[in-house]
Amino acid sequence: MTLLEVEGLAAGYGPAQVLFGIDLALAPGEVLALLGRNGAGKSTTLKAIIGLVPPRGGRVRLRGAEVTGWPAHRIARAGLGYVPEDRRIFPDLTVAENLEVGRRPPRDGRPPWTFERLAGLFPNLAAMRTRRGEAMSGGEQQMLTIARTLMGNPDAVLLDEPSEGLAPVIVEQMAEAVLRMKAEGIAVLLAEQSLDFAAAVADRALVLERGAMRWSGPMADLGEDGALRSRLLAV
């Protein structure tokens, strides 16, 4: 079963085209790492899928339904979560209030995400129910952003650079969270700069260069082939 399908996706900003015919598919509980050098088009791919950058061509389907060109809030309500690189929490709201902003009804009879379930996923948040967002560290804010997205009970999640700039212990917790989402049957499309993080969580990888697909295959194959990594990802 394919949960999220992208076919021939093209997108850009103003007169500049950034993406050229991106194809990918995600099954429930699968993690796909979107890799590439800086400026390769990873973040733009996520934004085009979720509707923050209008596609110029191609199709996006969620559970077989066409969502191409829908506004971002409508795609999110259909079951696609998005965690931006810049977090965008509400600094004046508490952790509990930030989570309430993201609450949506449960889907398909699955148990809904609650504060208690999320505290098990992110133990650091357990003692922060009343802490304001502005008083949290960068790593804690990243946890809160992912937790808020899960409160929408999504079928699939787009994660943009979740490990960037975080302490190693927080990165480990992020990896555990992605694996927990996978175990819950949530599909994850992960745009990531860290090959180590991607290798720890992803089933498959898709490598972009200048907005075009250069390679796709099992994550293990990329991890084991040093020459391939050097050719595709070395700076």
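Bear in mind these aren't lab numbers, they're just calculated from the coordinates by the rules spelled out. Keep in mind that what you see is a predicted model, and the values were worked out from it rather than measured. Neighbour counts run over all protein chains shown; Cβ positions are idealised from the backbone, glycine included.
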Degrees, to the nearest 10: 138-150 long Cα axis against longest axis of the chain: 90
Unit charges at the beta carbon, dipole of segment 113-210: most positive-side option, Val157, Ala198, Ala126: Ala126
The chain - mean residue ellipticity at 222 nm from DSSP helices (-39,500 (n - 2.57) per run, n ≥ 4, rounded to 500): -9500 deg cm²/dmol
Gain upon complete extension [Arg88, Arg117; 0.36 nm per residue less C-alpha separation]: 8.2 nm
Antiparallel DSSP beta bridges within the chain, as percent of all bridges there, nearest 5: 55
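Give me the compactness ratio for the chain, meaning the Cα radius of gyration over 2.2 N^0.38 Å.
0.97
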Calculated FRET value between Arg180 and Tyr13, using beta carbons and R₀ = 35 Å, to 0.05: 0.50
